[in-house]
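Engineer: Starting off with a structure, shown below.
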Amino acid sequence: MTAPFVPHTDAEVAAMLGDLGLESLDELFATIPAALRLAGGLDLPPQQSEADVVDRLVDLGEHNRPAGRCAGGLVCFAGAGAYDHEVPAAVRSLASRSEFVTAYTPYQAEVAQGVLQALFEYQTMIARLAGLEIANGSLYDGAASLVEGVNLAVAATGDRRVLCSAGVNPRWRAVLATFSKGSGHDVVTLPLRDGVTDWSAAVARPASAGAVVVGFPNYLGCIEDLAAARDLADRTGARLVVCADPIASGLLRTPGSLGADVVVGEGQPLGIALGYGGPYLGLFACRAADVRRLPGRLVGETVDADGKLAYVTTLRAREQDIRREKASSNVCTNQTLMAVTAAIQLGWLGTSGLREIALRSARAARYAHDSLAAIDGVEPLSPHPYLREFALRLPVDAEVAIERLVDEGYLAGVAVRDGFAGTDAEGCLLVAATERRTRGEIDGFAASLEKAIR
Amino acid sequence: MSSQTDPASNGQPGPRPISAVAGGRASSAPVVGRDTEPTLFELSVPGRHAASFRTTQIPEWAAEELVPAQYLAETPVDLPDVSERDLVAHFTRLTHRQYSVDLGAYPLGSCTMKYNPKVCDEAASAAAFANVHPAAPPACTQGWLEVLVELEESLCAITGMSAATLQPAAGAAGELTGLLLMRAYHESRGEDRTRVIIPDSAHGTNPASVTLGGYEVTTVGTNDRGGVDLDSLRAALGPDVAGIMLTNPNTLGLFEEDIVEIATAVHEVGALLYYDGANLNAILGVVRPGDMGFDIVHLNLHKTFATPHGGGGPGAGPVAVSARLADFLPGPRPARLDDGRFAWAQPAASIGRIHGWHGNALVLLRAWTYIRLHGAEGLRGVAETAVLNANWLKEKLRGTFDLPYDRPVMHECVVSAESLDKATGLRALDVAKRLLELGFHSPTVYFPLIVHEALMIEPTETESPQTLAALADALLLVAREATEEGAAGEARQAPRTTPVRRVDEARAARRLVATYDQRS
Ligand SMILES: Cc1ncc(COP(=O)(O)O)c(C=O)c1O
């Protein structure tokens, strides 16, 4: 069998080889030293027809427990950066249009106005959610945006010291630590107290810093005091980088209006499938003054040769293909399709819809919080305000509870572990609720949890 | 009849007074074609909406009862307020202003814009995969973990390496991961190396990644056969060199003939070889980076393995390494246990996470599907046909466009409009724009940087000989027009049939308007 998507007939191949004065396809590779060439074939599973591959995928899929109302489906109370929000048919349908799906980066603006305009609209909406002037056309995910936000702050201030709250998503902190080995950032972690950042020690001894980083709400769901974070940034000469949940802007004041210089975040809640963690969407917004340090692509407005409105990627001189080793970032391929999806989702939501999902999620979280905290032996970790996620201390380890609740049809949450070793949050259960959770689901979850921890 | 006519005068009931429609804009203007599409913000009518939500029976607490008032926004963030019908019309019209692989040939060099099989999309939208929460315990994700393990194994087989990470979200992320692996390896041996060598033909992400990896870039030149200049490489090598990043076939579409000598020289000074896999499509099943002596390889699944580019992303840039680097890989990694089950495992000396979760999982699933559909023979067929197409196209262009390094190419050919430019003033950019109106996406232009007026053409294996012939005819026509009419002819005016004509890039940068709110 040959390659299933190659159109050439044997006769066409023979004719083309003849045109090239060649007798076999092997001769095409004559410039590769013979000693290197693979003698046998690749050691791969055998080629299969489409129908056979689909059968295999169905078999494999049966070993997964997705969120939602389907065979083996779990009622999802897990969050930790990935949330089970409503994704309507209109968004799924538009975002799977092949003109969006199968285009490359808009290098030829004249035939890429669709993607470019969608990105322009996306940038506008993300800038508004952030409360800042500029947003880029996406980065890989929230973690990548955090790293780029810190890089911007360090470059702008010339100071490699990074004061990062322990309330920032621990997986993102881990990514920051990995990349800091290359960039040489000196990341200092600021501890939590009762679930929110304890700023006191850093404020008492405010050595200079390049970035102050805080979650809003933080990983444990608590709403942080951004005024205190801004104050520390001012005392240390740092840029304030806020890791924000875009849904929070439906209800809370925007991070930009509370003093953030850079807003980064995970855009998955904006219409993107849980997808086992990707592809997601790195949100990135900053002040207009920092636009020349912006990582990634930026779409701007211009005119064409006839003076007609047109869109094009702009301030390209920041980017790797032009600046090479002096570029502000190495990003090339980003997550454009997810940005387009988010723009469609935000259009579907509209002003009232975004407020509605934030409010409905907060109500569901409150109802879940009170129902679960009423169980004997279950205690909230923090007394501080939260939006749609909170941490609970259980009489058993969270992982044990999660395992037991799967049997009852619930994904109970996420165990707080990595990044919290030795803190009072370690072993807690992080529970998230969205506008999709019903009273019946929460009551059932509470009843099952009560049994599971007895 | 004038609207001023007095209805009472002839006893007929007159037109009812109709109130003016305020705000928003009509969304039914016929915009298939070249009419400007209003932004979603202009279509907005406050109070209109599309969203609806589940009935939940949860008490309807007011915001103030849930969150202290000091945190609450006084006014909600303003978003476009449109009906679902207008939303669908708007984005559908935008798709009519967008070229894509599904519409036609996209010979964008270095980007491997092959046809993306539909079954891969379907695989990625199946609820059993698409709706799985990334923090679900392994007992709930055995199907996913099996896919990831099998994909890692397949990628290792294809590249000739021994272990891989699937976390990097794109090629550039893979590069930086690879450089951090290099750093960890040297540090584990107590060595502090400071430089990484790259050829002058390298893609821009290579030098940018080197800087982010904490290394200095040393650039080596290209010899007159289009390969790395061995003498300058040897001169650049030393005990302070951590590694070299190579693309093979390189960005000229040429196989590095001296790869064995290069590998030996690099390894002799204790440095590592990094393989930029953007061009792997040319050599699938023919030769493996591991057998060429590479230690670290990144792959662009959104090129070689047909996962769609999504208008600029998402991609996936897995990194595979030789045995001596396996312990440093990012973690956690999916693992096959002795009892046949699957779990997450942390490599012994891991450099740590490089993605917030497990990588672009649904992209990885598409690539897994693509590899299954091909098997070993199918993948080799991909490489053979891609190389056949590129060489055949190159021959068709001989005599009209310059062939700067004229020898058999791999999956793409770089031709130059330099002579045409000198003779007629026709530049590579003009060729690109004229092609757009002739029905083809343009090749990559002005890259690699070492070729003047470069047109980098990668037809891929999924374009038929008929399409290639038509593409060649179009390219030759553009050249002929310039010769006959001069540069001010057709090409300089182009494109005229596209949704917009040539855009003023300088103006976009000079007067930055990057959001609707920055419009004056
Ligand atoms: C040769 C080469 N290297 C690296 C890259 C970077 O890959 P990505 O865009 O996935 O980050 C590209 C793609 O643009 C490329 O063509």
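The values are calculated or read from the model by the stated rules, or taken from the named source; none is laboratory data. All values derive from a computational prediction rather than experimental measurement. Because the Cβ atoms are built from the backbone with ideal geometry, glycine has one as well, and the counts that use them run over all protein chains shown. The accessibility values were calculated without ligands, DNA or RNA, using every heavy atom of the protein model including side chains. Shrake-Rupley method; radii C 1.70, N 1.55, O 1.52, S 1.80 Å.
Engineer: Among the residues of the stretch B:342-358, is any outside the structural domain of residue B:307 (by TED's automatic domain parsing) and part of a strand (DSSP E or B)?
Structural biologist: No, the stretch B:342-358 contains no residue that is outside the structural domain of residue B:307 (by TED's automatic domain parsing) and part of a strand (DSSP E or B).
Engineer: Conditions first: (1) within 14 Å of the ligand (Cβ to nearest atom); (2) closer than 16 Å to residue B:165 by Cα; (3) of a type in the set (D, E, K, R); (4) open to solvent by 10 Å² or more (accessible area, probe 1.4 Å). Residue B:276 passes all but one, so which condition is the exception?
Structural biologist: With respect to (1) within 14 Å of the ligand (Cβ to nearest atom); (2) closer than 16 Å to residue B:165 by Cα; (3) of a type in the set (D, E, K, R); (4) open to solvent by 10 Å² or more (accessible area, probe 1.4 Å), residue B:276 is out only on (4).
Engineer: Provide a single number: the residues in the stretch B:294-306 that are within 9 Å of chain A (Cβ to nearest Cβ) and more than 12 Å from the ligand (Cβ to nearest atom).
Structural biologist: Within the stretch B:294-306, residues that are within 9 Å of chain A (Cβ to nearest Cβ) and more than 12 Å from the ligand (Cβ to nearest atom) number 1.
Engineer: Identify the single condition in (1) more than 11 Å from chain B (Cβ to nearest Cβ); (2) assigned to a helix (DSSP H, G or I) that residue A:260 does not satisfy, given that it satisfies every other one.
Structural biologist: Only one criterion in (1) more than 11 Å from chain B (Cβ to nearest Cβ); (2) assigned to a helix (DSSP H, G or I) is unmet by residue A:260, namely (2).
Engineer: Take the residues of the stretch B:208-221 that are open to solvent by less than 20 Å² (accessible area, probe 1.4 Å) and closer than 15 Å to residue A:183 by Cβ: which is farthest from the other protein chains (Cβ to nearest Cβ)?
Structural biologist: Out of the qualifying residues, it is B:215.
Engineer: Considering only the stretch B:105-142, state which residues are open to solvent by less than 10 Å² (accessible area, probe 1.4 Å), farther than 17 Å from residue A:103 by Cβ and in a loop (DSSP other than H, G, I, E, B).
Structural biologist: Within the stretch B:105-142, B:132, B:133, B:134, B:136 meet the criteria.
Engineer: Are any residues in the stretch B:360-398 acidic (Asp, Glu) and more than 30 Å from residue B:415 (Cβ to Cβ), and if so, which ones?
Structural biologist: If the condition is that a residue be acidic (Asp, Glu) and more than 30 Å from residue B:415 (Cβ to Cβ), then B:377 is the only one that fits.
Engineer: Further question on the same structure: Can you tell me how many residues within the stretch A:305-362 are on the phi > 0 side of the Ramachandran plot, within 7 Å of chain B (Cβ to nearest Cβ) and surrounded by fewer than 24 Cβ atoms within 10 Å (Cβ to Cβ)?
Structural biologist: 2
Engineer: Still on this structure, please answer the following. Identify the residue in the stretch B:476-500 that is under 11 Å from residue B:434 (Cα atoms) and of a type in the set (Lys, Arg) and, among all such residues, is surrounded by the fewest Cβ atoms within 10 Å (Cβ to Cβ).
Structural biologist: So, considering only residues that are under 11 Å from residue B:434 (Cα atoms) and of a type in the set (Lys, Arg), the one surrounded by the fewest Cβ atoms within 10 Å (Cβ to Cβ) is B:496.
Engineer: Which one of A:98, A:24 is under 28 Å from residue A:273 (Cα atoms) and modelled with pLDDT of 95 or more?
Structural biologist: Numbers: A:24 fails: under 28 Å from residue A:273 (Cα atoms).
Answer to the selection: A:98.
Engineer: Next up: More than 25 Å from the chain's Cα centre (by Cα), open to solvent by less than 20 Å² (accessible area, probe 1.4 Å) and among the small types (Gly, Ala, Ser), is that true of residue A:3?
Structural biologist: Yes: the conditions hold for residue A:3.
Engineer: Please state which of the following conditions residue A:186 fails to meet, knowing it meets all the rest: (1) more than 14 Å from chain B (Cβ to nearest Cβ); (2) open to solvent by 40 Å² or more (accessible area, probe 1.4 Å); (3) more than 23 Å from residue A:416 (Cβ to Cβ).
Structural biologist: Every condition holds for residue A:186 apart from (1).
Engineer: Which pairs turn up if I take residues in the stretch B:34-51 that are closer than 17 Å to residue A:304 by Cα and look for partners that are in a loop (DSSP other than H, G, I, E, B) with beta carbon separation below 7 Å, at least 6 apart in sequence or on another chain?
Structural biologist: Close Cβ pairs (under 7 Å, with a partner that is in a loop (DSSP other than H, G, I, E, B)) amount to B:34/B:499; B:35/B:29; B:36/A:308; B:37/B:31; B:37/B:97; B:38/B:25.
Engineer: Filter the stretch A:127-142 down to residues that are in contact with a Ser or Thr (Cβ under 7 Å, 6 or more places away or on another chain) and part of a helix (DSSP H, G or I) and give me whichever is surrounded by the most Cβ atoms within 10 Å (Cβ to Cβ).
Structural biologist: Filtering the stretch A:127-142 for residues that are in contact with a Ser or Thr (Cβ under 7 Å, 6 or more places away or on another chain) and part of a helix (DSSP H, G or I), the one surrounded by the most Cβ atoms within 10 Å (Cβ to Cβ) comes out as A:129.
Engineer: Can you name the residue in the stretch A:387-444 that is at positive phi and open to solvent by 30 Å² or more (accessible area, probe 1.4 Å) and, of all such residues, is farthest from the chain's Cα centre (by Cα)?
Structural biologist: Filtering the stretch A:387-444 down to residues at positive phi leaves A:409, A:413, A:419, A:422, A:427.
Okay, now just the ones that are also open to solvent by 30 Å² or more (accessible area, probe 1.4 Å), so A:419, A:422.
On the way: A:419: 18, A:422: 27 Å.
So, considering only residues that are at positive phi and open to solvent by 30 Å² or more (accessible area, probe 1.4 Å), the one farthest from the chain's Cα centre (by Cα) is A:422.
Engineer: For the stretch B:223-247, which positions are surrounded by fewer than 22 Cβ atoms within 10 Å (Cβ to Cβ) and hydroxyl-bearing (Ser, Thr, Tyr)?
Structural biologist: Across the stretch B:223-247, the qualifying residue is only B:232.
Engineer: Tell me the helices (runs of 4 or more DSSP H) entirely within the stretch A:29-126 that contain at least 1 residues that are at the interface with another protein chain (Cβ under 7 Å from one of its Cβ atoms) and either touching a residue at least 60 places away in the same chain (Cβ under 8 Å) or in contact with a strand residue (DSSP E or B) (Cβ under 6 Å, 6 or more places away or on another chain) (or both). Write out each step before concluding.
Structural biologist: Numbers: elements: A:50-61, A:89-95, A:98-101.
Ranges flagged: A:89-95, A:98-101.
Engineer: Do we have residue A:390 as more than 10 Å from chain B (Cβ to nearest Cβ) and in a strand (DSSP E or B) here? Write out each step before concluding.
Structural biologist: On the way: more than 10 Å from chain B (Cβ to nearest Cβ): yes; in a strand (DSSP E or B): yes.
Yes.
Engineer: Let me ask something additional. Just to be sure I understand, how many residues within the stretch B:315-329 are open to solvent by 10 Å² or more (accessible area, probe 1.4 Å) and within 13 Å of the ligand (Cβ to nearest atom)?
Structural biologist: 0
Engineer: Enumerate the pairs (first residue in the stretch B:151-178 and free of Cβ contacts under 8 Å to residues at least 12 places away in the same chain; second residue anywhere and open to solvent by 10 Å² or more (accessible area, probe 1.4 Å) and outside any helix (DSSP H, G or I)) with beta-carbon separation below 6 Å, excluding pairs fewer than 6 apart on the same chain, so at least 6 apart or on different chains.
Structural biologist: B:157/A:42; B:157/A:43; B:157/A:44
Engineer: Assigned to a loop (DSSP other than H, G, I, E, B) and either modelled with pLDDT under 95 or of a type outside the set (Val, Ile, Thr) (or both), is that true of residue B:313?
Structural biologist: Yes: the conditions hold for residue B:313.
Engineer: Give the stretch B:162-178 a look and list any residue that's in contact with a strand residue (DSSP E or B) (Cβ under 7 Å, 6 or more places away or on another chain) and either under 18 Å from residue A:180 (Cβ atoms) or of a type in the set (A, V, I, L, M, F, W, C) (or both), or say none.
Structural biologist: Answer for the stretch B:162-178, where residues must be in contact with a strand residue (DSSP E or B) (Cβ under 7 Å, 6 or more places away or on another chain) and either under 18 Å from residue A:180 (Cβ atoms) or of a type in the set (A, V, I, L, M, F, W, C) (or both): B:163, B:164, B:168, B:175, B:177, B:178.
Engineer: To continue, here is another question. Checking residue B:101 against (1) open to solvent by less than 10 Å² (accessible area, probe 1.4 Å); (2) within 16 Å of the ligand (Cβ to nearest atom), which test does it fail?
Structural biologist: That leaves (1) as the condition not met.
Engineer: For the stretch B:119-134, state whether one or more residues are in contact with an Asp or Glu (Cβ under 9 Å, 6 or more places away or on another chain), away from the ligand (no atom under 16 Å from the Cβ), of a type in the set (Gly, Ala, Ser) and modelled with pLDDT of 95 or more.
Structural biologist: yes
Engineer: So which strands (runs of 3 or more DSSP E) stay within the stretch B:191-256 end to end and still have 2 or more residues that are within 15 Å of the ligand (Cβ to nearest atom)? Talk me through it step by step, then tell me what you get.
Structural biologist: Values: elements: B:195-199, B:216-220, B:241-247.
The qualifying strands (runs of 3 or more DSSP E) are B:195-199, B:241-247.
Residue-wise test of (1) in a helix (DSSP H, G or I); (2) more than 16 Å from the ligand (Cβ to nearest atom); (3) at the interface with chain A (Cβ under 10 Å from one of its Cβ atoms).
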| residue | (1), (2), (3) |
| --- | --- |
| B:168 | no, no, yes |
| B:173 | yes, no, yes |
| B:177 | yes, no, yes |
| B:180 | yes, no, yes |
| B:183 | yes, yes, yes |
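Engineer: Let me ask something else about it. Can you pull out the residues in the stretch B:479-513 that are under 19 Å from residue B:97 (Cβ atoms) and in contact with a strand residue (DSSP E or B) (Cβ under 7 Å, 6 or more places away or on another chain)?
Structural biologist: Matches in the stretch B:479-513: B:500, B:501, B:502, B:503, B:504, B:505, B:508, B:513.
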